[in-house]
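Engineer: Take a look at this one; I'll ask things after.
The values are calculated or read from the model by the stated rules, or taken from the named source; none is laboratory data. Predicted model only: the values in this text are computed from it and were never measured. Virtual Cβ from ideal backbone geometry, glycine too; neighbours counted across all protein chains shown.
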Amino acid sequence: MRRVIGIGETILDILFKDNQPRAAVPGGSVFNGIISLGRAGANVTFISEVGGDRVGNIILDFMKENGVSTDQVNVYPDRKSPVSLAFLNEKNDAEYSFYKDYPNLRLDMPMPEVTNEDIVMFGSFYAVSPQLREKVKELLDKAREAGAIIYYDVNFRSTHAHEAIKLMPSILENFEYADIIRGSGEDFGNMFGMTDTDKVYQHKISFYCPRFICTNGGESLCLRTPSLKKDYPVEPLQTVSTIGAGDNFNAGLVFGLLKNRIRKSDLDELTETDWDKIIASGMSFSKEVCTSLDNYISKEFAAKL
């Protein structure tokens, strides 16, 4: 059976609205997508790390409940698991404060084996962090050698914009590993000071990776490949929380690849109709997640897939 292998952080998100806590949910950008794929019945593995505390146990139990293997989660007995406070504004977009307590030696374990059937998902600061770079590359090298699809969600926040120049070699190396790159206009503004989709694709992406998706919140979604330039409208939606919207677009897109039995060797041959189906799958997951305070698709939505 094909597997989806994700690598990224796990964190407990405590959501505030009007300065009052409303919910506490396990999160993390790749984690959110992996949980949704687990709920959707995909065979998923997640490579991550938690502290040996109550929060770590909540996260591990949650992964198991949602069909996600915890075999590749490094537990640090004498550390606290990361927590984020997410303050929702009037548009239900979040502003974050993070609290982390990692040891110096991280992910001290071998990376799993990868086959040409698999899809590897990675992204965010985790994908460029100097502390984790060698372990992330170890997984990406295995994926590339095996011929797996590699999906990269840039997710480069404004909090790291001042480090963009220092991190650029790792960012460009990730572009080179990737078979599909997704990012938001905001991400590329933070990294390159450039938000125009066509300019970003032409000057920053296409040399490294031929397939590019740019999302712009509630505005249109843009797909660029060597043979296709297409913008998809995003229908207006009454949101409860936008946390996890991009993460679940990733999950839905990967679900679309699995459902349509697309492997790496098929990517160059995808038609406009193929892409329409894959993008629609991503958009449906993203839309669903905006209707609740959860970071992932609901079990009811997953059951209908």
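Engineer: Kindly list, by first and then second residue, each pair from a residue in the stretch 261-288 that is over 13 Å from I180 (Cα atoms) to a residue that is among the aliphatic types (A, V, I, L, M) and surrounded by 19 or more Cβ atoms within 10 Å (Cβ to Cβ), limited to pairs with Cβ atoms under 6 Å and residues at least 6 apart or on different chains.
Structural biologist: G282/L253; F285/A251; F285/I297; S286/A245; E288/I297
Engineer: Hey, among D78, D61, which residue is free of Cβ contacts under 8 Å to residues at least 24 places away in the same chain and over 26 Å from A143 (Cα atoms)?
Structural biologist: Details: D78 fails: free of Cβ contacts under 8 Å to residues at least 24 places away in the same chain.
Testing whether each residue is free of Cβ contacts under 8 Å to residues at least 24 places away in the same chain and over 26 Å from A143 (Cα atoms) leaves just D61.
Engineer: Scan the stretch 203-221 for residues that are touching a strand residue (DSSP E or B) at 6+ places or on another chain (Cβ under 6 Å) and within 15 Å of V154 (Cα to Cα) and jot them down. Let's see the steps before the verdict.
Structural biologist: Quick first cut of the stretch 203-221, residues touching a strand residue (DSSP E or B) at 6+ places or on another chain (Cβ under 6 Å) only: 205, 209, 211-215, 220-221.
Answer for the stretch 203-221, where residues must be touching a strand residue (DSSP E or B) at 6+ places or on another chain (Cβ under 6 Å) and within 15 Å of V154 (Cα to Cα): I205, C209, R211, F212, I213, C214, T215.
Engineer: For the stretch 11-39, enumerate the residues that are in a loop (DSSP other than H, G, I, E, B) and buried (at least 24 other Cβ atoms within 10 Å of the Cβ). Break it down stepwise before answering.
Structural biologist: Within the stretch 11-39, the subset in a loop (DSSP other than H, G, I, E, B) is 18-19, 28.
Scanning the stretch 11-39 gives a single hit, G28.
Engineer: In the stretch 48-107, which residue that is acidic (D, E) and touching a Phe, Trp or Tyr at 6+ places or on another chain (Cβ under 8 Å) is nearest to N19 (Cα to Cα)? Show your work before the answer.
Structural biologist: Residues of the stretch 48-107 acidic (D, E): 49, 53, 61, 65, 71, 78, 90, 93, 95, 101.
If we keep only those that are touching a Phe, Trp or Tyr at 6+ places or on another chain (Cβ under 8 Å) too, we end up with 49, 95.
Working: E49: 29, E95: 12 Å.
Per the stated criteria, the residue is E95.
Engineer: Let me ask something else about it. When residues of the stretch 145-197 are filtered for being touching a strand residue (DSSP E or B) at 6+ places or on another chain (Cβ under 7 Å) and either exposed (fewer than 15 other Cβ atoms within 10 Å of the Cβ) or within 19 Å of D266 (Cα to Cα) (or both), how many remain?
Structural biologist: 11
Engineer: D61 versus (1) assigned to a helix (DSSP H, G or I); (2) among the charged types (D, E, K, R); (3) modelled with pLDDT under 95: which is the lone unmet condition?
Structural biologist: Looking at each condition in turn, D61 falls short on (3).
Engineer: Could you check the stretch 261-297 and list, in sequence order, the residues that are within 20 Å of the chain's Cα centre (by Cα), farther than 19 Å from T215 by Cβ and modelled with pLDDT of 95 or more?
Structural biologist: Taking the stretch 261-297 first, the residues within 20 Å of the chain's Cα centre (by Cα) are 262-264, 267, 275, 277-297.
Next, only the ones that are farther than 19 Å from T215 by Cβ stay: 262-264, 267, 292-294.
Correct list: I262, R263, K264, L267.
Residue by residue, here is whether (1) free of Cβ contacts under 8 Å to residues at least 60 places away in the same chain; (2) closer than 23 Å to V75 by Cβ; (3) in a loop (DSSP other than H, G, I, E, B); (4) under 17 Å from the mean Cα position of the chain (by Cα) holds:
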position: P103; (1), (2), (3), (4): yes, yes, yes, no
position: D108; (1), (2), (3), (4): yes, yes, yes, no
position: N116; (1), (2), (3), (4): no, no, yes, no
position: V136; (1), (2), (3), (4): no, yes, no, yes
position: D141; (1), (2), (3), (4): yes, no, no, no
position: Y151; (1), (2), (3), (4): no, no, no, yes
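Engineer: Go through the stretch 225-251 and give me each residue that's at pLDDT 90 or above, crowded, with 22+ Cβ neighbours inside 10 Å and touching a Phe, Trp or Tyr at 6+ places or on another chain (Cβ under 7 Å).
Structural biologist: N248, F249, N250, A251
Engineer: Can you go through G33, G51 and tell me which one is in contact (Cβ under 8 Å) with a residue 12 or more places away in the chain, at negative phi and more than 20 Å from the chain's Cα centre (by Cα)?
Structural biologist: Values: G33 fails: more than 20 Å from the chain's Cα centre (by Cα).
None of the others qualify; the one that does is G51.
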